[in-house]
Amino acid sequence: MTIHARLVREPIEATALLQRVAGPANGALLLFLGVVRDVNDGRAVTGIEYSAYEAMAARELADIAVEATKRFPQLDVAIEHRLGELALEDASVGIAVAHPHRGDAYDASRWVIEELKRRVPIWKREHYADGTREWVNPVGAAAAVTQ
Amino acid sequence: MSVTVLLFASYADALGTSSLRLDLDDGTTVTQLVGQLRERAGARALPPQPLVAVNERYARTDQALSAGDTVAIIPPVAGG
């Protein structure tokens with residue numbers, strides 16, 4: 001069983017992530033990449049700076065990977081989240097999952113990204129075309145974790 | 001008793017620091033600590049009930065703190 005979860009500062013290698021979870025028993029391999037896009041809330045974005053409470057974020061990521069393998073038995077999972085300065089189209093998060101069957105692979109991939117967005121202490125500051133930068137505070141996120 | 005408080009992202013900007021040490025009465029809860037923090041200059045940005053982690057685990061608002069705890073005030077998370 002593969003369980004890999006890591007914060008990284010270098011670019012996420014999609015192929016390497018898939019290779020971590022590939023295996024002869026796995027009939028379905030899925031890769032999800034979250035990438036920096038050029039518009040958010042109608043503002044032109046030129047880049048994003050990601051930061052984290054690193055010790056806790058690394059542990060939460062690892063917990064999510066382990067929990068995924070309990071929810072979806074036979075799952076192999078590899079998660080990487082990048083920190084630092086990212087440019088447009090850079091991948092901020094990569095999730096590779098593999099399972100004997102596609103149904104659980106799709107469900108596990110979706111579960112991991114939603115869980116990551118809900119509870120891993122990572123923040124992003126967007127840089128805009130007009131030279132300003134602001135922390136992104138998604139509405140409702142604060143209430144989600146402890147309830 | 002003394003605890004370490006960690007601040008991140010917009011909260012660190014608002015209070016002008018990413019960590020500080022607070023001396024508290026024994027039995028102080030998470031909510032009471034946040035109340036003391038909010039009296040500091042720039043702390044308007046902190047909501048009355050922010051997410052808080054004690055020793056790297058999300059904590060409930062009524063959790064009592066212990067000497068030496070590391071208390072992180074967590075802005076709305078935005079990973080992914």
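The values are calculated or read from the model by the stated rules, or taken from the named source; none is laboratory data. Note that this is a predicted model, so its numbers are computed, not measured. Cβ: placed from backbone, ideal geometry, glycine included. Neighbour counts: every protein chain shown.
Filter segment A:76-85 down to the residues that are of a type outside the set (Asp, Glu), farther than 14 Å from A:Phe32 by Cα and away from chain B (no Cβ under 12 Å) and list them by number.
Answer for segment A:76-85, where residues must be of a type outside the set (Asp, Glu), farther than 14 Å from A:Phe32 by Cα and away from chain B (no Cβ under 12 Å): just A:Gly84.
Which condition number in (1) facing another protein chain (nearest Cβ under 9 Å); (2) free of Cβ contacts under 8 Å to residues at least 24 places away in the same chain is the one that A:Lys70 fails?
(1)
Considering only residues that are assigned to a helix (DSSP H, G or I) and not basic (Lys, Arg), which ones fall in segment B:38-57?
Matches in segment B:38-57: B:Ala43, B:Ala45.
Does B:Ala67 count as in a strand (DSSP E or B) and either within 11 Å of the chain's Cα centre (by Cα) or aliphatic (A, V, I, L, M) (or both)?
Spelling it out, it is not the case that B:Ala67 is in a strand (DSSP E or B) and either within 11 Å of the chain's Cα centre (by Cα) or aliphatic (A, V, I, L, M) (or both).
Could you please find all residues in segment B:1-37 being of a type in the set (Val, Ile, Thr), outside any helix (DSSP H, G or I) and within 10 Å of B:Ile73 (Cα to Cα)?
Answer for segment B:1-37, where residues must be of a type in the set (Val, Ile, Thr), outside any helix (DSSP H, G or I) and within 10 Å of B:Ile73 (Cα to Cα): just B:Val5.
Just to be sure before I move on: is B:Ala67 within 16 Å of B:Ala14 (Cβ to Cβ), in contact with a Ser or Thr (Cβ under 8 Å, 6 or more places away or on another chain) and more than 7 Å from chain A (Cβ to nearest Cβ) in the structure I sent?
Taking the combined requirement at face value, the residue does not satisfy it.
Does segment B:35-57 hold any residues that are within 12 Å of another protein chain (Cβ to nearest Cβ), without any contact (Cβ under 8 Å) to a residue 12 or more places away in the chain and either surrounded by 14 or more Cβ atoms within 10 Å (Cβ to Cβ) or under 11 Å from the mean Cα position of the chain (by Cα) (or both), and which are they?
Passing the criteria: only B:Pro47.
Tally the residues that are within 18 Å of B:Pro48 (Cβ to Cβ), within 13 Å of chain A (Cβ to nearest Cβ) and buried (at least 19 other Cβ atoms within 10 Å of the Cβ), restricting the search to segment B:9-34.
So the answer is 3.
For B:Gly79, indicate whether it is without any contact (Cβ under 8 Å) to a residue 40 or more places away in the chain, within 20 Å of A:Glu49 (Cβ to Cβ), part of a loop (DSSP other than H, G, I, E, B) and not hydrophobic (A, V, I, L, M, F, W, C).
Yes; evaluated as a whole, the condition is true for this residue.
I need the full set of residues from segment B:2-21 which are within 11 Å of the chain's Cα centre (by Cα) and in contact (Cβ under 8 Å) with a residue 24 or more places away in the chain, in order please.
Passing the criteria: B:Val3, B:Thr4, B:Val5, B:Leu6, B:Leu7, B:Phe8, B:Tyr11.
If I filter segment A:2-52 down to residues being surrounded by 13 or more Cβ atoms within 10 Å (Cβ to Cβ) and modelled with pLDDT under 95, which single residue comes out as nearest to A:Val77 (Cα to Cα)?
A:Asn40
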